Amino acid sequence: MTEFTAGDRVFGIVNGADAEYGIAPVNELVKMPDGLSFEDAATIRAGAETAWKALFTEGELEAGQTVLIHAAAGGVGQFAVQLAKWKGAHVIGTASTSNIDFVKSLGADQVIDYTTTAFEDVVKEVDLVVDSVGGDTENRSWAVLKKGGILVSLTQPPSQEIAQKHGITAKFNTKFPTKANLQTIAQLIADGTIKAEIDSIFPLSQTNKAHEKSEAKHGRGRILLRINSF
């Protein structure tokens with residue numbers, strides 16, 4: 001017996017990728033609330049879910065704290081900005097010139113154009129950094145955290161030696177959101193409290209084009225594949 005019945009609308013993770021059919025363990029599925037479209041539901045796993053993990057499961061973000069979100073216009077960043085504001089945090093995001101207004105529209109309190117301004121010159125004493133860029137961006141992020149702060153990397157395991165030197169905690173993929181967390185996210189989207197920005201939707205036959213667009217890393221929001229019409 002499960003909580004699902006035939007015909008229920010669900011979202012989750014299936015075994016395999018880019019396929020018309022798949023098999024999913026029942027514990028990887030979440031029932032979709034009324035008002036949530038399949039397109040929006042598809043943005044949750046590896047998008048909103050990752051943002052929730054970085055902010056709350058790993059980042060332990062609380063109301064009144066300050067968070068710096070890199071790539072704030074991206075598929076994860078867009079959700080991180082909105083979820084952090086929903087939590088009551090002060091939100092700073094980095095984005096390219098063309099995405100400044102978009103990130104502001106998501107609710108960010110401050111948006112830094114990384115093409116013209118070094119974020120470490122204008123940001124200091126933050127409680128949490130969410131980094132989905134890595135490399136030089138991560139290296140420059142250590143100094144903007146306050147003692148006892150947290151850096152969550154979504155690209156690679158961060159250096160524990162450097163973290164210790166700065167007196168902060170560095171994390172990478174050690175915990176994941178619960179099914180209850182996913183249900184909360186789904187309801188927030190269904191209610192319109194947060195929105196899912198979809199960059200583009202490709203038919204399954206154009207999977208290669210979807211991957212090319214994703215690998216270019218200049219999209220705004222999520223890139224989806226459509227199996228068929230619902």
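Taken together, the values in this text are just the output of simple stated rules run on the coordinates, not laboratory data. On a predicted model such as this, the values are computed, not experimentally measured, just so you know. Virtual Cβ from ideal backbone geometry, glycine too; neighbours counted across all protein chains shown.
Worth a mention:
- Here Val76 meets each of (1) out of contact with any strand residue (DSSP E or B) (no Cβ under 6 Å at 6 or more places or on another chain); (2) over 20 Å from Ser200 (Cβ atoms) with one exception, condition (2).
- Residues that are of a type in the set (Asp, Glu) and closer than 17 Å to Ala46 by Cβ were ranked within region 178-216; the one that is surrounded by the fewest Cβ atoms within 10 Å (Cβ to Cβ) is Glu215.
- Within region 6-55, the set of residues being among the small types (Gly, Ala, Ser) and within 18 Å of the chain's Cα centre (by Cα) comprises Gly12, Ala41, Ala42, Ala46, Gly47, Ala48, Ala51, Ala54.
- Under the condition of being crowded, with 24+ Cβ neighbours inside 10 Å, among the hydrophobic types (A, V, I, L, M, F, W, C), in a helix (DSSP H, G or I) and touching a residue at least 60 places away in the same chain (Cβ under 8 Å), the residues counted in region 53-88 number 4.
- Within the option set Lys171, Lys124, Lys175, Lys165, being surrounded by fewer than 19 Cβ atoms within 10 Å (Cβ to Cβ), in contact with a helix residue (DSSP H, G or I) (Cβ under 6 Å, 6 or more places away or on another chain) and over 20 Å from His90 (Cα atoms) holds for one residue only, Lys175.
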